[in-house]
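Just so it is clear, none of the values below were taken in a lab; they were calculated from the coordinates. None of the values given here were measured: they were computed from a predicted structure. Here Cβ is always computed from backbone atoms with ideal geometry, including for glycine, and neighbour counts include all displayed protein chains.
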Amino acid sequence: MRRRTSRRALLGALGSIVLGGCLSGGDRATPTPAPDTDGDGVPDHGDDYPADNRRAVRTFRSTGAPTLQPGEFTAIAITNAPTARGDVLHYEVTVQGSTPVDCLVLERDAYDAYVDGARDVPIASAYSRTGVRETEVTVELDRGEYLFVLDHTTLATDPGSDPVTVDHVVEVAEPAPTTKAKPK
């Protein structure tokens, strides 16, 4: 004659097996990785640019909409520290007016000469755009001290005779860890 196990005894035995397995394996938890949408090595929660694998953390931001008369300019310092490994410059510019402007990046010495009236200064052409009505640029900077200039003078593009308003955003960011820095 077979003995029947009661339902209560069976549930008690199964419960102790399940609970014993859960309690004894406490160190077997699988960590959930933090999302990294752009795959740049910086989790989205700490990435100012989760969809851009070139940039990670914003270190500087300037916005504005100055009105420039013909012959005027405005400048924003965008120094890339000598110890930096190639910060990323990003700017967006939209011109409201009848003539374009120049978005120039000048090294400090060239900018100082420019301020003193020189109009034959060297321009960091890899980072600059001339004849701009609308542009968006993202580039890795070499190490150095730079100034971003919204130029409505005759340096590169004739400013015409009318003023313009220039909406802009200028940002400098640390590169993502997976971005290879340019040697200098």
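Highest mean packing first, where packing is the average number of other Cβ atoms within 10 Å per residue, the peptides 96-108, 57-69 line up as 96-108, 57-69. All C-alpha to C-alpha distances of region 44-175, sorted into 5 Å bins beginning at zero, yield P(r) values of 2, 11, 21, 22, 20, 12, 7, 3, 1, 0 percent in whole numbers. The simple Förster model, with R0 at 45 Å and r as the Cβ-Cβ distance, assigns A118 and V57 a FRET efficiency of 0.80. Subtracting the Cα-Cα distance of D44 and I76 from their residue separation scaled by 0.36 nm leaves 8.6 nm.
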